[in-house]
Amino acid sequence: MTRLAQPPTTQAEVKPDLERVNHWIGGKRVAGTSGRKGPVYNPATGELAREVDFASVEEVDAAVKAATAAFPAWRATSLSRRTEILFRIRNLVDQHRADIAAFLTAEHGKVHTDAMGEVARGLENLEFATGVPHLLKGSFSEQVSGGIDVYQIRQPLGVAAGITPFNFPAMVPMWMFGNAIACGNTFVLKPSEKDPSASVYLGELLKEAGVPDGVFNVVHGDKVAVDAILEHPGIASVSFVGSTPVARHIYETGTRHGKRVQALGGAKNHMVVLPDADIDMAADAAVSAAYGSAGERCMAISVVVALGDVADPLVGAIEERLPKITIGPGHEESSEMGPLITREHRDKVASYLDSGVSQGATLRADGRQHVLFNESEGFFLGVSLLDNVTPEMECYRNEIFGPVLEVVRVPDYPSALELVNGNQYGNGTAIFTRDGGAARQYQFDAEVGMVGINVPIPVPVAYYSFGGWKASLFGDLHMYGPEGINFYTRSKVVTARWPDPGTSSVDLGFPRTR
């Protein structure tokens, strides 16, 4: 098929007369009718590159109706056929990695290598979903009572919805829709309006793979579209990744309307460095995990917790690495870190440098001194480092979500643990040490959903599940992996008897198994 959404091949091609990004409903692009739209910027230049349609309540309803109409046939599609289509999806995404990555660089700003890594991690989840015949196997117990067998099966929910963030416009949708449609659900995606094009391109790839019209739909928009999804009686479940305040709203509103909801919220990921750690290894890890994708990752390391005497050499080693990071437009091969998503977000991130200093922190690297912050129209901020941060400071209490690394100095392990466990977020954490006993104790003690041991960003592989604790997760089930299968299905237990004729009788007593 000829795909309508074509990836930009050069930076100049990002703004073709303000191309409009449409919805994807019922297997085709559908122009918005609400009259509402939003801007899509090129973060590297600050220019308005495209406009995106904002859905009305009626347009969300049209997507849900398309998904509802497609559900009976898709649910009845054999597991072997669904698997065949999922393999085709996987292969097409693999073949078009560079095309998808081009959308991410053009609209999010992340560098090409980072964009390619995002697609690769999403692809892992599609590969996991191809194993759906094994993942949906139920259980069977023979002869639980005289002539009675009991078995459990898992069945799809119906129409599932996903509301995804700007920082991973390809990977997070793949976390959701892969398992959802593999299990027999149909899907409505509401991607971030800041970088929407990749989602429509994925819709075209799914259609090319043989996904029936209506099984996968995309509606763009703002809070109007989100609330329409949360309140729509035809949607059975909602998956969300974003900030904690919005996650709480998603969870409370969705569950109030009878939906199954998993809402992943914010993070403040701590990297605890013990005195016996390899300083160079820890510094490399801290810099990589703090500034990759300009810090716009929910699993980015935002706080280094330095124990005792390790603090000075560790901070020195981090400082030494910062001038070597190449910052520039994502499409330039030499760039290691690109711009932030919008000017407003960039300025909000930069404001924490002032508040940190005013509240007693030491500013060891100021990203506002980078040439691109001052002399470019793009949304650039250089790498920044705040030392001597304390838990009372505004910069520590908030999720900054940008290229700002904070260092909190503590005297010992109990103090580090108290800091980590006392934080409202519990998404990810890491410990750097050569001591296996200390590492094992930390994984036991840390009240955090994902723990890395000498691994700074412990994002689970696709056959485990992703999710935090505390204010980082609203809902009972984590995302993708085995818990993703459980989220997108519900169990049904069948108790069966095949009696011989004439053997039944009236018995008003409680059913017995003996």
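Summary table
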item	result
Helices (runs of 4 or more DSSP H) within segment 77-187 that include 1 or more residues without any contact (Cβ under 8 Å) to a residue 12 or more places away in the chain, in contact with a Lys or Arg (Cβ under 9 Å, 6 or more places away or on another chain) and of a type in the set (Lys, Arg)	none
Qualifying positions in segment 52-74 - among the hydrophobic types (A, V, I, L, M, F, W, C) and in contact with a strand residue (DSSP E or B) (Cβ under 8 Å, 6 or more places away or on another chain)	VAL52, PHE54, ALA55, VAL60, ALA62, ALA63, VAL64, ALA66, ALA67, ALA70, PHE71, TRP74
Test: residue in segment 215-234 that is within 26 Å of TYR442 (Cα to Cα), touching a helix residue (DSSP H, G or I) at 6+ places or on another chain (Cβ under 6 Å), surrounded by 21 or more Cβ atoms within 10 Å (Cβ to Cβ) and modelled with pLDDT of 95 or more	no
Single condition LYS223 does not satisfy, out of (1) within 30 Å of VAL408 (Cβ to Cβ); (2) among the charged types (D, E, K, R); (3) without any contact (Cβ under 8 Å) to a residue 12 or more places away in the chain	(1)
ALA66 being of a type in the set (Gly, Ala, Ser), closer than 16 Å to GLY210 by Cβ and either more than 25 Å from the chain's Cα centre (by Cα) or at pLDDT below 95 (or both)	no
In segment 359-413, the residues that are hydroxyl-bearing (Ser, Thr, Tyr), out of contact with any Pro (no Cβ under 9 Å at 6 or more places or on another chain) and surrounded by fewer than 22 Cβ atoms within 10 Å (Cβ to Cβ)	THR362, THR390, TYR413
Residue match in segment 312-322 (condition: more than 30 Å from GLY184 (Cα to Cα), in contact (Cβ under 8 Å) with a residue 24 or more places away in the chain, crowded, with 24+ Cβ neighbours inside 10 Å and within 20 Å of the chain's Cα centre (by Cα))	no
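The values are calculated or read from the model by the stated rules, or taken from the named source; none is laboratory data. Every value quoted in this text rests on a predicted model; they were computed, and no experiment measured them. Neighbour counts run over all protein chains shown; Cβ positions are idealised from the backbone, glycine included.
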